[in-house]
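A short write-up of the structure that comes next.
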Amino acid sequence: MTRSKTSGKNRGAVLFKNRFRPRAQNNVVEARIFLCPVCHEEIRQSAEICPHCRSRRIFGPTYWESGIAIGIGMAAGLFYSLAILDRVSWVFPCAALGALVGFYVAQIRFDGDRWRRRSDS
């Protein structure tokens, strides 16, 4: 390390070159690596598809999962309007409300990212 020259004001401070700047080794940026949850091989943290087992990272619910949750919500809304309220005029509003609740539950239930195996079909 070599000392850099200081001005008259900062005469008491000792400054070193490259002290606060991280040193790049061979101009290579380190990528964060973790294990694939399916095949347990090392992959980059930002990978969307595992190069070893071809598993995919999925963010949030799939269309199938959302559709099932919406269908269950609509069925629950229909049951509530016909069996509990016993009013036919409330069928459509209760079914729509049930569909919205089902969609919301799907978004909460499948929040975040997860890995799914590759389907060979």
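We did not get these values from a lab; they are worked out from the coordinates using the rules stated. All figures in this text were calculated on a predicted structure; none of them were measured in a lab. Note that we place each Cβ from the backbone using ideal geometry, even for glycine, and neighbour counts take in every protein chain shown.
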statement: Of the residues in segment 56-107, those that are within 30 Å of Leu35 (Cβ to Cβ) and among the basic types (Lys, Arg) come to Arg56, Arg57
statement: Among the residues of segment 71-106, the number that are exposed (fewer than 14 other Cβ atoms within 10 Å of the Cβ), polar (S, T, N, Q) and either in contact (Cβ under 8 Å) with a residue 12 or more places away in the chain or in contact with a Cys (Cβ under 9 Å, 6 or more places away or on another chain) (or both) is 0
